[in-house]
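S.K.: The structure's right below; bear with me while I get my questions together.
The values are calculated or read from the model by the stated rules, or taken from the named source; none is laboratory data. Everything numeric in this text was worked out from a predicted model, so none of it was measured. Neighbour counts are summed over all protein chains in view; Cβ atoms, including those assigned to glycine, are modelled from backbone coordinates with ideal geometry. With ligands, DNA and RNA removed, areas are computed over all heavy atoms of the protein, side chains included. Shrake-Rupley method; radii C 1.70, N 1.55, O 1.52, S 1.80 Å.
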Amino acid sequence: MRILVRTVVIIVAALGVIFLSVEFDRRHGLYWYDVTQDYRYEFGDSPLGSIRIRIAGDEVRLPELPEGWDTAVLSLDIESTVAGHWFEPALSVGNESDSWTHTFARGAEGRRYLVLDPRSVASDEVLKLTGEHLRWPEQDAELLLFATPELVNAKVLILATHPDDAEIAAFGLYASRDSYVVTVSAGNYVDGLYDHLATESAEQLAWRGRVRVWDSLAVPLWGDIPADHIVNLGYWNGSLQALYEQRDSLGARRGDLSGTDDPSLYRSGAVDELLDGRRGNPTWRSLVADIEALIRSIEPDIIVTPHPALDAALDHQFTTIALLEAMTAIGDTDTVLLLYTNHHVLSEYYPFGPTGSGITLPPWLDDALTFGGVYSHDLDADMQMRKLFALEAMHDLRAAPR
C-alpha cells in the first residue's frame, strides 16, 4: 500500500512539474525578445524637457518643470523579483489622488519608459512608487516631457489599415472632434471563423468583407463622426505588399477565391465627398493616388497612421509607406504624423497588463531609429466606456454569430 501511495505521489509531483514547466514557457513565450535587455529609445532634440531625478527609495520629489508639455515619460531601471518571473511585475507611480499602474513582461529587467498620469506630474510634486513583484535600484532616472501640436482645433485624419484598427488605436482621440476615419482595406479573409455560416471559401470571404466594411463605416458614428467623414477604400486584405512590389501592374491579384482584387467591390462610404468619386484599381499607384486625394480634400493638420517599424503587420507597414509616398508627391512637409502599433513587432501581447493599466512605451532595443516624440491621449471614464462599446461592435473582435 505504501509503495502504491508513494508511486501516486511521485506521479502527481511529476505531472505538477511538467505543468508548471509548460505554463512557465507559455507565459514567457508571449514575448519575442530578451526581456532582460534595456529598452533603447533615441529622441534627438524632441523632448521639451529632459530632467534628471534621483530615485532612492519609494518616493521622489520633482524639480521645477517647464510649461507647455502634454506627455510625461519616466525612464528608469527595474528588476523583477523571483515572483515576477511567474506573475506580471507592476509599478504604480503617482501622488495621493492620481496614479497609474504600469505592467511589464514577466522577468523584465533593465531600462523601461513609463507614461505618467499628467495629473500627478507638477513642479515640487512628490511621487510615490509602489512595486508588485518588482524592485528598482537607487538610480538617476530621467523625466522626459513632450509637447504635441494642439489637438483641440486640429483637423485629424485617422488612417486605419483594416476595420477596427482606428478604434483600437485612436477611438478616444478621434471621437467628438473634427476627425476623418479612412480605412484602407475591406479586411476580407478566410480563417474558418465563418465555416458554419457558408460552405464555400469565396462566400466566407465575401461575408467577412461585407460585414467588416459595414463596421468601418458604422462604428465611427458612435464617436460622433459624420457619415461624410468616413470612407473605406476597399483594397483587399493582405494585398498591399504585392501591390507595392508590382507597382503599376494589374497583376497583383491572388485569384485564389474570387479571381479579382478589385477594390471597387468594397469601396464605400464618402467616396464622392472625399475622393471626388474616383474609382479604385488594384494597383499601388491607385492606392497612393487615393491618399493624395484624401490629403487634398481634407487638408488635415494631423494624420494618425501605423508605425512602419513598430507594427509587424505588412498591410499596416505598407499603408504608411503609401502615405509617405503621397505626402512626398504633393510636397506635404507640414502635416504632423502620430504613429501607432496594433501588432507590435516584438510582442502581440503588448500593451502588457489588465484593462485600465497605465502604459509603457513598447519594447524597442535599437537606438538607431530616432523617434520624433511621444503623445499620450488620456481618456476619462465616459470615453473609456464609449471605446469599449465601439470595440464590442466590431464583428472581427468577437465570436461569429450562430
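S.K.: Taking θ as phi - 60°, what are the ³J(HN,Hα) couplings along region 330-342 by the Karplus curve (6.51, -1.76, 1.60), each to the nearest whole Hz, with x for Gly and Pro?
M.R.: Calculated HN-Hα couplings, in order: 9, x, 7, 10, 9, 5, 7, 9, 10, 10, 10, 10, 9 Hz.
S.K.: If you don't mind, another one. So what is the accessible area of the chain per residue, in Å², with the probe set to 1.4 Å? Kindly include the intermediate steps, with their values, before the conclusion.
M.R.: Values: 19170 Å² over 402 residues.
Heavy-atom accessible area per residue stands at 48 Å².
S.K.: Please calculate the 1.4 Å probe accessible area of Y244, with all protein chains present, and give it to the nearest 10 Å².
M.R.: Rounded to the nearest 10, that gives 80 Å².
S.K.: Report, in debye and to the nearest 20, how large the dipole of the chain comes out about its Cα centre when Lys and Arg carry +1 and Asp and Glu carry -1 on their Cβ.
M.R.: 1420 debye
S.K.: Amide H of I53 versus every other amide H placed in the peptide plane: which residues, excluding those fewer than 5 positions away on the same chain, fall under 5 Å?
M.R.: A141, E142, L143
S.K.: Using amide H atoms built 1.01 Å from N in the peptide plane, name the residues 5+ places from L338, or on other chains, whose amide H lies under 5 Å from its own.
M.R.: I303, V304, T305
S.K.: Ordering T333, T7, T161 from largest to smallest accessible area (1.4 angstrom probe), what's the sequence? Display every interim value, and only then the final one.
M.R.: Numbers: T333 125, T7 60, T161 0 Å².
So, going from the largest accessible area down, we get T333, T7, T161.
S.K.: Could you work out the per residue convex hull volume over the alpha carbons of region 2-57, in cubic angstrom? Numbers along the way, then the final one.
M.R.: On the way: hull volume 8.7 nm³, N = 56.
Value for region 2-57: 155 Å³ per residue.
S.K.: If contacts are Cα pairs under 8 angstrom and at least 6 residues apart, what is the relative contact order of the chain in percent? Write out the running numbers ahead of the final one.
M.R.: Numbers: 798 pairs, mean separation 79.4, N = 402.
Reported as a whole number, the value is 20 percent.
S.K.: So between T130 and A218, what do we pick up on full extension, going 0.36 nm a residue minus the alpha carbon distance?
M.R.: Numbers: separation 88, 0.36 × 88 = 31.68 nm, distance 4.24 nm.
Length gained between T130 and A218: 27.4 nm.
S.K.: Could you sort R111, R402, R208, R119 by accessible area so the largest value comes first, with the probe set to 1.4 Å?
M.R.: R402, R119, R111, R208
S.K.: Would you mind telling me the share, in percent, of accessible area of the chain contributed by carbon and sulfur at probe 1.4 angstrom?
M.R.: On the way: 10220 of 19170 Å².
Answer for the chain: carbon and sulfur cover 53 percent of the accessible area.
S.K.: Next question. With θ set to phi - 60° and the Karplus curve 6.51 cos²θ - 1.76 cosθ + 1.60, what are the ³J(HN,Hα) couplings of region 193-198 in order, to the nearest whole Hz, using x for Gly and Pro?
M.R.: Running phi through 6.51 cos²θ - 1.76 cosθ + 1.60 with θ = phi - 60° gives 5, 9, 4, 7, 9, 8 Hz.
S.K.: Only residues of region 110-143 count here: report those whose backbone N is under 14 Å from the spot 7 Å along Cα→Cβ of I51, or say none.
M.R.: Correct set: 116-128, 141-143.
S.K.: Hey, another quick one. Projecting each Cα onto the charge dipole of the chain (Lys/Arg +1, Asp/Glu -1 at the beta carbon, about the Cα centre), which of S201, V213, S97 comes out farthest on the positive side?
M.R.: Positive-end residue among those listed: S201.
S.K.: Scanning the chain for helices, which whole DSSP H stretches are 30 Å or more long along the axis (Cα) and average 0.5 or more by Kyte-Doolittle? List each step's numbers first, then the result.
M.R.: Working: long enough: 2-28 (39 Å, 1.25); 201-222 (32 Å, -0.04).
Those that clear 30 Å and a mean of 0.5 are 2-28.
S.K.: Let me ask something else about it. At 10 °C and 1.306 mPa s, grab the translational diffusion coefficient of region 274-319 from Stokes-Einstein with a Kirkwood Rh over Cα pairs, rounded to a whole number in µm² per second.
M.R.: Answer, rounded: 133 µm²/s.
S.K.: Could you give the nm distance between label points at E348 and R398, where each point is 7 Å from its Cα heading toward the beta carbon?
M.R.: My value for the distance between the label points is 2.2 nm.
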